[in-house]
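Student: Supplied in structure tokens, the structure appears directly below.
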Amino acid sequence: MQQPLRGLPSVDRVLSDPQVRVALASLRRDIVVDMVRQRLDRARQEMVAGGAPPAFENLVGLVLADLALLSRPSLRPVINATGVVLHTNLGRAPLSQEAAAAAQDAALRYSNLEFELDSGERGSRLSHIETLLCRLTGAEAALVVNNNASAVLLGLTALAQGWEVVVSRSQAVEIGGGFRIPDVLRQSGAQLVEVGTTNRTYLADYEAAITGQTAALLRVHPSNFKIVGFTESVPLEQMVRLAHERHLIVLDDLGSGCLLDTAAYGLDHEPMVQESVAAGADLIFFSGDKLLGGPQAGLVVGRADLVRRLRRHPLARAVRIDKMSLAALAVTLLHYLRGEALSAIPIWRMIARPLASLEEQARGWAARLGAEATVVEGESYVGGGSLPGSTLPTRLVAVAPRVPAGGSSGAAAQHLAARLRLGDPPIVARIERDRLLLDPRTVLPDEETPLLNRLSEALHATPA
Ligand SMILES: *Cc1c(COP(=O)(O)O)cnc(C)c1O
């Protein structure tokens, strides 16, 4: 045990500070003692290195900040006023009430997760979604895993390990978050064979690349970028015809995957899962929490014999879906089967929302916020690696905070944004040209009041 240095308080002295004593009531004593010790040790090291002893209040402040981090979960709800419907950093799709309730039930109780109630025997967790997915997409068989990245890895590993997989150069992409198609192929043990050029790939390119070592042709949705101008890509039907002539398979990584037509809402047409099934792709991979609007999951639909090989592969167990996500996913799929997806699934309500209704809400907010707020025309984004470059017209509330004497409007906007992020509940908005922009599209109905309360508070508080 090191000796206390002159000027450094004892552990007990810090623990007897009134504010630290409050924290002691809600956290285990040994944890608090440990944190105080660590802070004192660090201060001691700084003093040994020639630093001055810390002021007692500063030391207590540091300890309180450490303790505050443990006082509640760091992961918590945030109000998304960015207008990006599928914001990966903000958790992608919020669930429907019913889907969230199903996840909660699965969490709080036992369930027939892998148990057949008819026979009393062991069942499969995949049985709860396979029929739903087949009905919705027209596919023969389906399976679901932890996320789409693991679905694609599982598919390539189970079907192409030690073989070649042909991919168009324009589709050998990085999706974001480090998911790079060439790396995933390498990890699966398959060999990537790139064909075509960045902007143009023809059927003949695929044809020329096929060898005795080829297992599959892979199509990948380029997700978050778009090549415009002098481009050429091969329609899925043609890839399928070629592959099947050569006794090969087509794997289709749709990324977002979509069951409803986005073109009905003024967006570009996002490829739909049913279309890939109809075109004859052998296996199709897509996410649960992008345009499907459900929980994080990786969905695979397609040929029964191939789905069976994926299910039986050891990696399937390593990437299996958990029961809460499975419960939420089943309910999300039921929304589509009942024909109520547009009203029940939050992201579809947001996408389908008429401009007039957004305008009315934005005007209401601006009126409530006062002189600093105006309504301006703007755009919402779908995000989540779908529909690059395609936006939805919206109405934004633009807030230009008062600029303190000697300050700049840019700094005032940054300051307001930080204040909104750091409060409770945190609010995330966009900043453009020194104004804070809030999009009503992605704010859930029960978040409107807290959002406006926090905003008026932040705007009308006297700057520190
Ligand atoms: C988003 C995406 C993935 C990864 O899906 P996750 O569900 O996030 O794991 C894979 N491929 C494509 C084309 C994507 O857009």
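Student: Would you mind working out the accessible area per residue for segment 95-344, using a 1.4 Å probe, and quoting it in Å²?
Tutor: Normalised by residue count, the accessible surface of segment 95-344 is 45 Å².
Student: Using DSSP, restrict attention to beta bridges with both residues in segment 95-344 and report what percent are antiparallel, rounded to the nearest 5.
Tutor: On the way: 13 of 32 bridges.
DSSP beta bridges in segment 95-344 are roughly 40 percent antiparallel.
Student: I've got another one for you. Roughly how many nanometres apart are two label points built 7 Å out from the Cα toward the Cβ at residue 225 and residue 25?
Tutor: 5.6 nm
Student: Let me have the relative contact order for the chain, percent, based on Cα pairs under 8 Å that are six or more residues apart. Numbers along the way, then the final one.
Tutor: Numbers: 813 pairs, mean separation 87.9, N = 464.
After rounding, I find 19 percent.
Student: For segment 324-464, what value does the Rg/Rh ratio take when both radii are computed over Cα atoms and Rh is the Kirkwood radius, given to two decimals?
Tutor: Looking at segment 324-464, the ratio lands at 1.04.
Student: Here is a follow-up. Quick check: from the Cα gyration tensor, does segment 59-207 come out rounded (a/c under 1.5), prolate or oblate?
Tutor: oblate
Student: Taking 0.36 nm per residue of separation and subtracting the Cα-Cα distance, what length does fully extending residue 418 through residue 213 add?
Tutor: Going from the current span to full extension adds 68.3 nm.
Student: How large, in percent, is the carbon and sulfur part of the accessible surface of segment 95-344 at a probe radius of 1.4 Å?
Tutor: Exposed carbon and sulfur together represent 49 percent of the surface.
Student: Using only the C-alpha atoms of the chain, find the volume of their convex hull and express it per residue in Å³. Intermediate values should be presented prior to the final figure.
Tutor: Numbers: hull volume 105.0 nm³, N = 464.
With only Cα atoms used, the chain gives 226 Å³ per residue.
Student: How far apart, in nm, are two points set 7 Å out from the Cα along the Cα-to-Cβ line at residue 352 and at residue 461?
Tutor: 4.0 nm
Student: Roughly what % antiparallel, to the nearest 5, for the DSSP beta bridges in the chain? Write down the numbers at each step before the final one.
Tutor: Details: 28 of 51 bridges.
Here the antiparallel bridges make up roughly 55 percent for the chain.
The values are calculated or read from the model by the stated rules, or taken from the named source; none is laboratory data. Just so you know, these numbers come straight off a predicted model, no measurement behind them. All Cβ positions, even for glycine, are placed from backbone atoms using ideal geometry, and neighbour counts span all protein chains on display. Just so you know, the surface numbers come from the protein's heavy atoms only, side chains and all, with ligands and any DNA or RNA stripped out. Shrake-Rupley method; radii C 1.70, N 1.55, O 1.52, S 1.80 Å.
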